[in-house]
Amino acid sequence: MVITLFVVVILLLSTAYFYLKSPVIASFAMLISSIVAAIVSFSYYELLAGMLVNAGRGGQWAHPGCFAILFVVAFIVLRVACDYLVGTNIDFGVLITRSTAVICGLLTGMIASGILVITIAMMPFSPKWPYARFEVNRPLTVSNIRSANKSFLNTDGLASGLFSWISKGSMSSKKSFAVYHADFLNQIHLNRLTPEAKKDELGTSRSVSEPGVKRPIIVASSKAINVSKTGLTRREDGRAVVEMNISGKKIVNGGAADENRIVSFTLSQVSLVCKEKNQPSNTTGSGVAVYPEKYILGEKRNTDEVSLGERITFSRSDFTGAGGRAPIKMVFDVPDSMRPILLRFKQNAVVGLPEKSTAEEAN
């Protein structure tokens, strides 16, 4: 596996450099610089990428590009600043110097390689890159999504897990990364899931994918979806039903449509973020991602669990509702102990949900 080779090379190079060139203080400075650079990258890449996407620049490459550039620039700036701040190096002896260099070199290499793996996973490549997190040739359903594969040494899990922990701790903000990007690694990999070929059709203008159809675009405008005040309901079986209204405008104009004014997405590009009912219903702390089990589109009602690789397509004639939006209802099996708070669509569209469903209000 190529990505395994990349990780090994980065670890070896960083450890060798630290071992041969870095005294104790410099080793710690490099490690802290890599951690802070990762925090900067995770914190601001969406803001910067969103500005580019809304301006019609970057497209599907905006998010991975901003993510990688922010890490590299922040790391270089911090490293140079540390050289000026540290001043004269203190000799701690050969044993401590070498031991510190090896430990800091390995940790810095793991963070850097984790950023690399995440960057590639955000790119519009095949789901096999940087590694096949899910079985490519097997239909993926909610029931088997938790059996995801991990990268070599799970360096991407280390980087994202570290920031998720920071975002919900003492350095947290009102918009926790652990909520907005709950189940982050699965989210970015599922966003690129290859659509599955289906023989049946949902209608003349809405159809599931067929062989040879390219993958849906992995980004949308941040305003591409909304949910009305009555858009969250509860079924008799306890499942949550969310009516997602998708904008038919082009991405640069605040929607989700491509250059042909067509909106297509796989079910894997939709998820619900939930929090424990005993936690505040805001976006602080941490959340849990729930993926759709069924959907309702016009007269089409699924009775069996669907594959997350199923593709839904809307043409421009479908966007006849208020504001040029097309509705589709997604069904999620939300645990009784949890409440849904956010609906996510593709890589960067997130919308808040009503605090209570209409069924709960009726009670």
Original post:
Has the range 161-173 got at least one residue that is closer than 21 Å to Lys346 by Cα, touching a residue at least 60 places away in the same chain (Cβ under 8 Å) and either among the hydroxyl-bearing types (Ser, Thr, Tyr) or not in a helix (DSSP H, G or I) (or both)?
Top reply: yes
**OP:** Would you please list the contacts, defined by Cβ atoms under 6 Å and residues six or more apart or on different chains, that run from a residue in the range 85-106 that is more than 19 Å from Ser14 (Cα to Cα) to a residue that is at pLDDT 85 or above?
**Re:** none
Original post:
Which of (1) modelled with pLDDT of 85 or more; (2) surrounded by 15 or more Cβ atoms within 10 Å (Cβ to Cβ); (3) among the hydroxyl-bearing types (Ser, Thr, Tyr) is the odd one out, the single condition Ser167 does not satisfy?
Top reply: (1)
Subject >> Meets criteria (among the hydrophobic types (A, V, I, L, M, F, W, C), in contact (Cβ under 8 Å) with a residue 24 or more places away in the chain, surrounded by fewer than 16 Cβ atoms within 10 Å (Cβ to Cβ) and part of a helix (DSSP H, G or I)) for Val117 >> reply: no
**OP:** Could you tell me which residue of the range 92-114 is modelled with the lowest pLDDT, considering only residues that are polar (S, T, N, Q) and surrounded by fewer than 24 Cβ atoms within 10 Å (Cβ to Cβ)?
**Re:** Thr97
Subject >> Which listed residue is of a type outside the set (Gly, Ala, Ser), modelled with pLDDT of 90 or more and over 30 Å from Arg138 (Cβ atoms), from Arg344, Arg325 >> reply: Arg325
**OP:** Please indicate, with yes or no, whether at least one residue in the range 180-194 is more than 26 Å from Ile341 (Cβ to Cβ) and at pLDDT below 90.
**Re:** yes
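Taking the conditions exactly as written (farther than 28 Å from Glu135 by Cβ and hydroxyl-bearing (Ser, Thr, Tyr)), does Ser271 satisfy them or not?
In short, no.
The values are calculated or read from the model by the stated rules, or taken from the named source; none is laboratory data. Because the structure is a prediction, the values reported are computed rather than measured. All Cβ positions, even for glycine, are placed from backbone atoms using ideal geometry, and neighbour counts span all protein chains on display.
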